[in-house]
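See structure below.
The values are calculated or read from the model by the stated rules, or taken from the named source; none is laboratory data. Just so you know, these numbers come straight off a predicted model, no measurement behind them. Here the Cβ is made from the backbone with ideal geometry for all residues, glycine too, and neighbour counts use every protein chain on show. When the accessible area is computed, the model is the full protein with side chains, heavy atoms only, and any ligands, DNA or RNA have been set aside. Shrake-Rupley method; radii C 1.70, N 1.55, O 1.52, S 1.80 Å.
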Amino acid sequence: MSQEVRLRNRLIAWWESLWFEEVPPDSYALLRIVFGALGLVSVLELTPVSMFWPLDGITPIPGNGLGIRSYLLGVGLGTIVGWAYFSTLLIAFTSMTVGYMSRPSIVICFVGASFIPSWNHLPLSSANQVLTSVLFCLVWADCGSVLSLDAWLAARRRPGDSREERPAQAIWPLRLIRIQVCIIYLNSGLWKFFNAVWRDGAAVHYSISLNIFHRFPFTLPPSLDWTTTIATYATMFWEISFPLMMFHPATRRLALILGVLFHGGMWTMLELGPFSWMMIASYLAFLDPVAVSRMVSLRLSSPKKDFQSAT
Amino acid sequence: MSRYRLSLSVLLTWHVAALGIAAVPSPGINPLPPVALSRHIVDDRIAAVLAPALDAALEIFAPVPRTIARVTRPVRTIVELYLDAFHLPQTWNMFSNPPTVDQYMRVRYYVGSEQVPGMPSRPTWVATELVLPANREDRIRTFQSFRDSSRDKALSIALDDFDRAFDRIVDRTGKIPQDLPDDLAPIGRYFSRKFEHDRLAADEHVVRTEVWYGVARNPARGIALEPSVVEARLAVLRAYYTGPLRASVPPSTHLGYGSIDKEVDITWMLKYFEEQ
């Protein structure tokens, strides 16, 4: 075999293992549960319903786009459709969380969440963007084969057979989530780098002072402003280096621990809705699926098909 | 590699490339701010060392996104179309340029009583309601503020949309428009309707609604606000926290866009008004 062919075969093998390696389904199931619950919280956050969902609430005046909102308002359906949209999302996210009709639920959640900006973009934060991005990846995976009502119902249909069906999953939807999260941090870090207020170390000082966001009714005394300077630089460096830190298990672990600390700190100091929780939840995709599966099996002690570590 | 995997590989490569391309800020779509030197702080030892170094690094790095944007320009449209189709925008610039001011919004209702049918009512009293922030800022914010954060977001984004639309008109025509952009109309209408429903008698109704935007500068790093200023502002806000503040009709009931009002260190500007 020539060296060229060997190299090509090795490349193909690497590519196949990168995208198509089979992993246990538990990571997908956990992502389904966590993002289903966070989606539910995000929808409930957009209440009172009369404020954000009917077209006569705090929603942009219809007139742009395809004219669907104008039409609905014109025929007097702006309120009914708004309520129906809200209710559908509530049901879909509940269904996704418990894993009932998991696949169609996730598709409905993705379509529903991704059209909220067209219905009413005003109350949306980046959390909706994160949610849509993760749901897009989960749509392609079978997230309901374990830890779901679907799995429980399927087991009940096979009386006497105690073995749980655990079909292996390709790793690529998980990889897509990882890449998406890396892009979020890199992009966010570069935007910060380009703004002078981050380079001069004052951004966190101003951010935690903002009356719309701050959680505590006081500002730090000037003698402690050095802590906000450190937080400013640390956040920017961590965000920019996040994708690079994913390449080695040790730095990956550090990046994720720092991420939990940063988002936890942000949540403590600022009211940002579900954004911090979404980002921390997305870290599930970075955990070794085999380790996740072992952890789940320790909890549920069910027999497992053997998988090799896939990170 | 099977045909299925090969096809999927092409799609995955395309998807990842599209995410990467869309994440590069591009002039005309999501331009980066112009490269400006940061303030070189001397009284903060960490910033004094890092800020000049980062400025120098940015000078070197700044052309990179522009170059990538230029190289990827031919596929940019198709990338945008693809990501728009799946609602996957890739601009993540939250808090990249945090405001240096505290922000407020209030809605003023001019209330009139029913007189001769068909004739316009004259306002007999006014009420002013603080609507942003939704949660009072003199207490620790917990569960309720989580829910209220979406209202604050909605009001802030509506204001940004209004300012952008307003600037576009001014850039185009060179003058302040007679018909203001309608981005703040939903806010005025929603709160006005709610006020009418909750607070007015059957023969009363809102005849004019005004949306005011207020700002109060936050102190720079290393400087503390005078306690007297903080207390005075809180006194004003606490009055608002009790609910819409009733007052007699001011001498001028037809204020226009840009009218200014001051309350302690909060400067209010009339952004939008509507006669009913």
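Descriptive notes on the structure:
- Within the range B:87-97, the set of residues being within 18 Å of A:I208 (Cβ to Cβ) and surrounded by fewer than 21 Cβ atoms within 10 Å (Cβ to Cβ) comprises B:M94, B:N97.
- Against the test of being out of contact with any His (no Cβ under 8 Å at 6 or more places or on another chain), open to solvent by 40 Å² or more (accessible area, probe 1.4 Å), away from chain B (no Cβ under 14 Å) and under 15 Å from A:A281 (Cβ atoms), the options A:V34, A:V41 yield a single qualifying residue, A:V34.
- Long-range neighbours under 6 Å by Cβ, at least six apart or interchain, first residue polar (S, T, N, Q) within the range A:271-287, second open to solvent by 20 Å² or more (accessible area, probe 1.4 Å): A:S276/A:M266; A:S276/A:W267
- Where A:A127 falls short, out of the listed (1) buried (at least 21 other Cβ atoms within 10 Å of the Cβ); (2) out of contact with any Gly (no Cβ under 8 Å at 6 or more places or on another chain): (2)
- Positions within the range B:178-192 being among the hydrophobic types (A, V, I, L, M, F, W, C) and under 18 Å from B:D163 (Cβ atoms), in sequence order: B:L180, B:L184, B:A185, B:I187
- Test result for B:V229, closer than 22 Å to B:E263 by Cα and touching a residue at least 24 places away in the same chain (Cβ under 8 Å): yes
- Of the residues making up the range B:202-229, those that are surrounded by fewer than 17 Cβ atoms within 10 Å (Cβ to Cβ) and hydrophobic (A, V, I, L, M, F, W, C) number 7.
- Among the conditions (1) assigned to a helix (DSSP H, G or I); (2) in contact with a strand residue (DSSP E or B) (Cβ under 9 Å, 6 or more places away or on another chain); (3) not small (G, A, S), A:D142 misses just one, which is (1).
- Output for the range B:165-192, where each listed residue is in contact (Cβ under 8 Å) with a residue 12 or more places away in the chain, assigned to a helix (DSSP H, G or I) and within 14 Å of another protein chain (Cβ to nearest Cβ): B:A165, B:D183, B:L184, B:A185, B:P186, B:I187, B:G188, B:R189, B:F191, B:S192
- Residues in the range A:181-207 that are charged (D, E, K, R) and assigned to a helix (DSSP H, G or I) were compared, and the one that is nearest to A:L138 (Cα to Cα) is A:K192.
- Qualifying residues in the range B:54-86 (those that are assigned to a loop (DSSP other than H, G, I, E, B) and open to solvent by less than 50 Å² (accessible area, probe 1.4 Å)) - the one farthest from A:F275 (Cα to Cα): B:T72
- Flag for B:D55 being touching a helix residue (DSSP H, G or I) at 6+ places or on another chain (Cβ under 9 Å), touching a residue at least 24 places away in the same chain (Cβ under 8 Å) and over 30 Å from A:S118 (Cβ atoms): no
- Note on the range B:237-275: among residues that are surrounded by 16 or more Cβ atoms within 10 Å (Cβ to Cβ) and not in a strand (DSSP E or B), the one that is modelled with the lowest pLDDT is B:L255.
Yes/no matrix, rows are residues, columns are (1) in contact (Cβ under 8 Å) with a residue 60 or more places away in the chain; (2) over 21 Å from A:M269 (Cα atoms); (3) not basic (K, R):
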residue: A:V197; (1), (2), (3): no, no, yes
residue: A:V204; (1), (2), (3): no, no, yes
residue: A:S209; (1), (2), (3): no, no, yes
residue: A:F218; (1), (2), (3): no, no, yes
residue: A:T228; (1), (2), (3): no, no, yes
residue: A:A234; (1), (2), (3): no, no, yes
residue: A:I240; (1), (2), (3): no, yes, yes
residue: A:P249; (1), (2), (3): yes, yes, yes
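- No other residue among A:R166, A:R158 is surrounded by fewer than 17 Cβ atoms within 10 Å (Cβ to Cβ) and outside any helix (DSSP H, G or I) apart from A:R158.
- Counting only residues that are over 12 Å from B:Y272 (Cβ atoms) and of a type in the set (F, W, Y), the range B:156-181 holds 0 of them.
- Taking the criterion of being at the interface with chain B (Cβ under 10 Å from one of its Cβ atoms), open to solvent by less than 40 Å² (accessible area, probe 1.4 Å) and not in a loop (DSSP other than H, G, I, E, B), the residues of the range A:44-63 that qualify are A:E45, A:M51, A:F52.
Every residue, every condition in (1) modelled with pLDDT of 90 or more; (2) in a loop (DSSP other than H, G, I, E, B); (3) at the interface with chain A (Cβ under 10 Å from one of its Cβ atoms), yes or no:
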{"site": "B:L88", "(1), (2), (3)": "yes, yes, yes"}
{"site": "B:F95", "(1), (2), (3)": "yes, yes, yes"}
{"site": "B:P99", "(1), (2), (3)": "yes, yes, yes"}
{"site": "B:Y109", "(1), (2), (3)": "yes, no, no"}
{"site": "B:V116", "(1), (2), (3)": "no, yes, no"}
{"site": "B:M119", "(1), (2), (3)": "no, yes, no"}
{"site": "B:T124", "(1), (2), (3)": "yes, no, no"}
{"site": "B:E129", "(1), (2), (3)": "yes, no, no"}
{"site": "B:S145", "(1), (2), (3)": "no, no, yes"}
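- The range B:74-89, residues that are free of Cβ contacts under 8 Å to residues at least 40 places away in the same chain and not aliphatic (A, V, I, L, M): B:P74, B:T77, B:D84, B:F86, B:H87
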